[in-house]
Amino acid sequence: MTKVVLFAGGFGTRLGEETIVKPKPMVEIGGMPILCHIMNGYHAYGFKQFIIALGYKSEVIKQFFLNYNSLQNDFSIDMSRSAVEITEHRKRDWLVHLIDTGLHSMTGGRLYRLRDHLRSDTFMVTYGDGVSDIDLAKLMAFHKSHGKLATVSIVRPKARFGTVDLDGEQVVKFKEKLDTDSWINGGFFVFEPGMLDYLSRDEEVLENDVLTRLAENGELMAYRHDGFWACMDTVRDKKYLDELWSTGHSPWRVWKD
């Protein structure tokens, strides 16, 4: 069974008050932690085994999954017998591994600490703060087709601000929030176990160190995704995703409850 690694150990300082009491992946979108949005997305494509790489406030995520059934379902309590009966089941046939990968480890370092869990088969990796309608089955098929050690999804996000063309002081063209021309890291990766040989210490950054070396050795391929993609990096990003969810226009919701 393909394992999916979710980075959930960073400090998330740019989300302000939200991450004082909880790690960023537990910040809610529409009343549900963004971590669950991401996991539901993988589940929709048949990926059910998750390794959550913990760090900052790991106890919050551990408690959430320990209490998942009671939090996600209706239940009755027989006080005389101290018995709990789940009366409505919203089942998820997930296998979730919660593993501490260090408070200050970088992204490459977290994979380095997980290396003994990942040596047996192709595995996937993503961040605990980004959502997308990317077809994860097609991403995996693309990865299998080229025979390299690594695949990175790439996206072209909407520009945050509109742009203007000027003739002196006169605006001759106004362009509101066009797609950017540049492709950027979309955060959905597929790796072969051989990429673990590129890891050696906690301080390694997946993006700057490991992917750079993979690219230099011709072992990194890119999967283009032209659809929806968004990361929750700031309070503004959270509000944007909340608004999409509340209006029913949430393109990343590819699963059924």
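Structure values in brief
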read-out: Options Lys148, Lys158, Lys144, Lys138; residue that is surrounded by 10 or more Cβ atoms within 10 Å (Cβ to Cβ), within 25 Å of Cys36 (Cα to Cα) and at pLDDT 95 or above; value: Lys138
read-out: Subset of segment 9-28 [in contact with a Ser or Thr (Cβ under 8 Å, 6 or more places away or on another chain) and farther than 16 Å from Phe64 by Cα]; value: Phe11, Gly12, Thr13, Arg14, Leu15
read-out: Filtered residue count, segment 56-110, keeping only those that are of a type in the set (Val, Ile, Thr), modelled with pLDDT of 95 or more and over 19 Å from Val4 (Cα atoms); value: 1
read-out: Scope segment 112-138; condition in a helix (DSSP H, G or I) and within 28 Å of Asp100 (Cβ to Cβ); matching residues; value: Tyr112, Arg113, Arg115, Asp116, His117, Leu136
read-out: Residue satisfying condition, being over 16 Å from Arg224 (Cβ atoms) and modelled with pLDDT of 65 or more, within set Asp181, Asp167; value: Asp167
read-out: Close pairs from segment 23-38: first among the acidic types (Asp, Glu), partner buried (at least 21 other Cβ atoms within 10 Å of the Cβ), Cβ under 9 Å, at least 6 apart; value: Glu28/Ile34
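The values are calculated or read from the model by the stated rules, or taken from the named source; none is laboratory data. Given the structure is predicted, the values throughout are model-derived calculations rather than measurements. Note: ideal-geometry Cβ built from the backbone for every residue, glycine included; neighbour counts use all protein chains shown.
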